[in-house]
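First up is the structure itself, then whatever we jot down about it.
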Amino acid sequence: MTVATSNGYLVRRLEDAPTVACPCGQSTRPLTRADTPACNFHITFITDSVRHFHKKCTEVYYILEGYGKMELAGDTVEIEPGMVIYIEPGTPHRLWSTEGVRTIVFGVPALDPEDEYFVA
């Protein structure tokens, strides 16, 4: 059920949100740029994401499940449930995990597919 009104809000159940393949893995996207340019809210399952950065979007990852490693601007950080990772625009990043990691990815402004730059 999605409820959107002219009253300035949107309500969506996670089960009603689309799940799509992305460079990070499988992403369920209850709030996207199509809903608002202000921000996005994705729940993504990652085993080995592609190193990338954004020129405009600031991302915040909240780790829900799983253990892994995240590369941030050339540094490697061990990640685990309960961690928050704040990533400024221009910061190359990737996450990998043998078992997989489920994370909330919150972006401001909302992720634009044209604002995703891949780094070798």
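Summary of values
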| read-out | value |
| --- | --- |
| Mean Cα-pair separation over length for the chain, i.e. relative contact order, pairs under 8 Å, 6 or more apart, % | 29 percent |
| GNM result for the chain, Cα springs below 10 Å: residue of GLY25, GLY74, GLY66 fluctuating most strongly | GLY74 |
| Accessible carbon and sulfur surface of the chain relative to its total accessible area, %, 1.4 Å | 54 percent |
| Longest segment of the chain lacking trypsin sites (Lys or Arg not before Pro) that sit in a DSSP loop with at most 13 other Cβ atoms within 10 Å | 56-120 |
| Unit charges on C-beta of K, R, D, E only; dipole of the range 3-56, Debye | 260 debye |
| Check: the chain dipole with +1 on Lys, Arg Cβ and -1 on Asp, Glu Cβ, in debye | 240 debye |
| Accessible solvent surface per residue of the range 1-76, calculated while the other protein chains remain in place, 1.4 angstrom probe, Å² | 57 Å² |
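The values are calculated or read from the model by the stated rules, or taken from the named source; none is laboratory data. Small disclaimer: the values here were computed from a predicted structure and weren't measured. With ideal geometry, Cβ positions are generated from the backbone for all residues, glycine too; neighbour counts draw on all protein chains shown. Just the protein is used for accessible areas: all its heavy atoms, side chains included, with ligands, DNA and RNA removed. Shrake-Rupley method; radii C 1.70, N 1.55, O 1.52, S 1.80 Å.
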